[in-house]
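The values are calculated or read from the model by the stated rules, or taken from the named source; none is laboratory data. All values derive from a computational prediction rather than experimental measurement. Cβ: placed from backbone, ideal geometry, glycine included. Neighbour counts: every protein chain shown. The protein model used for the area step is the full one, side chains on, heavy atoms only, and it has no ligands, DNA or RNA in it. Shrake-Rupley method; radii C 1.70, N 1.55, O 1.52, S 1.80 Å.
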Amino acid sequence: MDEILKYFPNLSDEQIEQFTKLEALYKDWNAKINVISRKDIDELYVKHVLHSLAIAKVQPFEPGTYVLDVGTGGGFPGIPLAILFPETRFYLIDVIAKKIKVVQAVAEGVGLKNVKAEQLRAENVKGDFDFIVSRAVTNMPDFVSWIKDKIKKQQKHELKNGILYLKGGDLTEELKDFPKATEYNISDFFAPDFFETKKVVHLPLKFKA
């Protein structure tokens, strides 16, 4: 939890309490339904929570923003971002029902009113979003094909509406067909070695009527 406060020192008491509660909730649920690898659960705050919050360093969300988290797994990056941005709405989806059960329980456990979680394929989502976030669920060409018609027309952020994607390693090949993609090195924001090869990729997408 100290790592979170180090990089986000202006959290409210309520946000600090919500972030603090995550550890016990995830440990409890992970014992029943394995959503986080056993070795990672002890490093929850760096490898999952802080990693998710790297998106906030690239683009903080304005009040009223609508964000879709595709393939959320145990709730990452959606749950940490929902704590950080209480006035942003988050829609978390995954095809695996038991993972969504965990997400719903964690969101309820920390008192998040701005999270909706459903078992759903990305292609079947209805609605338009300012940003679509995800953590390495698939390669970028496939991901874009799932969500390309779900972007809002109206812009209200410094970065253009589109995808904010957490991914690691050399992405040259994967992004070769997306010249507008920008890679942000997470190691520029956070010190732990874990982030050395990790990135946030921003890919602007046009509204499709």
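Summary of values
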item	result
The range 15-172 - share of DSSP beta bridges that are antiparallel (%, nearest 5)	0 percent
Sequence of Phe195, Phe85 when ordered by accessible area, the most exposed leading, probe 1.4 angstrom	Phe85, Phe195
Percent accessible area from carbon and sulfur atoms, the chain, protein chains only, probe 1.4 Å	48 percent
Charged-residue dipole, Cβ positions (Lys, Arg, Asp, Glu), the range 118-202 about Cα centre, Debye nearest 20	440 debye
Rh (Kirkwood; distinct C-alpha pairs) - the range 1-69, Å	13.4 Å
Under-5 Å amide H pairs with Asp69, H placed in peptide plane, nonlocal only	Tyr91, Leu92, Ile93, Val133
Normalised contact order of the range 49-187, rounded percent, pairs of Cα under 8 Å and 6 or more residues apart	24 percent
At least 27 Å along the helix axis (C-alpha) and Kyte average at least -0.5, DSSP helices within the chain	none
Per-pair calculated FRET efficiency, R0 = 30 Å: Glu87 and Glu174 via Cβ, rounded to 0.05	0.35
Which of Met1, Met140 is most accessible, then next, and so on - probe 1.4 Å	Met1, Met140
Estimated 222 nm signal from helices in the chain, with DSSP H stretches of n ≥ 4 weighted -39500 (n - 2.57), rounded to 500	-9000 deg cm²/dmol
Rg to Rh, two decimals, where the chain supplies the alpha carbon set and Rh follows Kirkwood	0.93
Hull shadow area, averaged, the range 26-122 [alpha-carbon convex hull, nm²]	5.7 nm²
Simple spin-label estimate for Asp142 and Arg38 in nanometres, 7 Å along Cα-Cβ	2.8 nm
Accessible-area ranking of Phe8, Phe129, largest first, probe 1.4 Å	Phe8, Phe129
Computed lengthening from Lys27 to Glu158, 0.36 nm per intervening residue step minus Cα-Cα distance	43.5 nm
Relative packing of 109-115, 149-155, which averages over residues the other C-beta atoms within 10 Å, highest first	109-115, 149-155
Inter-label distance for Asp13 and Ser187, nm, one decimal - labels placed 7 Å from Cα along Cα-to-Cβ	4.0 nm
Per residue solvent-accessible surface (Å²) - the range 1-105, probe of 1.4 Å	41 Å²
